[in-house]
Amino acid sequence: MAQFTKALASDYNTVRNTVADVLGTGSSTRGYGSSVTSNTVSVGAIITATQFTALASDINACYRHITNANAGSLSTIVSNNLITWANFVTYQSAATYIDTNRDTNGGTVTSSQTSKVLPAGWGNASGNRVATALFTITFTDAEEKRYFFNRDGYISLSGSGASTGGTPKSNAFGALANGVSTAYNRTNYRTTGDPGTQSQYTSTSPYSLGGDPDGIFATITAIGTNVFNGSIQCRDKGGDGSVASNVDIDLTFYINLLNISNTTGISAYTPSVSWGAWSYSA
């Protein structure tokens, strides 16, 4: 259109709805689940500077998520001035950019973390050769889970333990705990069909081997519409040579719930976490 052509209500609404589908409820791969400040306008009505200011606010919320900065090219709309196509095209371009790049993020990462300590003393000598802790991660509903992953939030498992200063077996398990790193992310969430167990970290202890591989096993499994189950399992079933021994250091495991771009205009959704007690078996 010519640069001095008036921007119509239908043009404004198209741009506003494109932005709102990404920032607000949306559907499928669109929707951050955040508040939308702009509204559609009636056909034939005059579009005010206030309405453009609200639209710019929504655009900038999306831009901060995508690029970690406000949109730099939006025309300033002055009250009582004619809003022409030359003004409007900057909003149109910004909306197209937001929709195209909605899966990109350049924002900050905020993490909510819970942990579970496996106390020293389990292992081959004690007869408690397999230690297992179960956990559950629960979103309020399926929509909250969708918003979390659409904003590139993800769930990760990690661990820690001393890898020096103890017995060779304990040092080996400490190193394994430090190496635990598995995650359930947006790609896993969007897998068609039942995503099931998307991420599993397994490793064999360099110290010994049993009938079942020794080591640390971490799993995250999607069940139902809004729940994840998972487990941490530590196995010490292999032979120790002439003298059986236990793992003599504490091992700590973490569930990390990572929100991406939890900034002004973007709502955060953090599910609840419940750990079960450690169970032991031979």
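FYI, it's all coordinate maths here, none of it is from the lab. If you're wondering where the values come from, they're calculated on a predicted model, not measured in any experiment. Backbone-built Cβ (ideal geometry, glycine too); neighbour counts: all protein chains shown.
Scaled to the globular estimate 2.2 N^0.38 Å, the Cα spread of region 122-172, given as radius of gyration, is 1.87. Modelled this way, with points 7 Å down the Cα-to-C-beta line, the labels at Thr14 and Ser160 are 5.4 nm from one another.
The calculated Kirkwood hydrodynamic radius for region 9-100 is 13.2 Å, given to one decimal from all distinct C-alpha pairs.
Once the Cα atoms are used to define both axes, helix 9-23 deviates from the longest principal axis of the chain by about 10 degrees.
Values of log10 I(q)/I(0) for the chain across q = 0.08 Å⁻¹ run -0.48, by the Debye formula with one identical scatterer at each alpha carbon and no solvent.
Once the Cα atoms of helix 49-67 and of the chain are each reduced to a long axis, what angle between those two axes, in degrees from 0 to 90 to the nearest 10, is obtained? Compared with the principal axis, the helix lies near 30 degrees. Extension gain for Thr167 to Ser73 (0.36 nm times residue separation, less C-alpha to C-alpha distance): 27.6 nm. Think of it as helices only: each DSSP H run of n ≥ 4 in the chain is worth -39500 (n - 2.57), and spread over all residues that comes to -8500 deg cm²/dmol at 222 nm. Between the residues Asn178, Gly166, Ile220, the greatest Cα displacement towards the positive end of the dipole of region 109-281, with unit charges on the Cβ of Lys, Arg, Asp and Glu, is found for Ile220. Across the chain, how many lysine pairs separated by 8 or more positions, or lying on different chains, have Cα atoms within less than 28 Å? So the count works out to 4. Ranking Gly230, Thr108, Thr138 by Cα position along the charge dipole of the chain, where only Lys, Arg, Asp and Glu carry charges on their C-beta atoms, puts Thr108 farthest toward the positive end.
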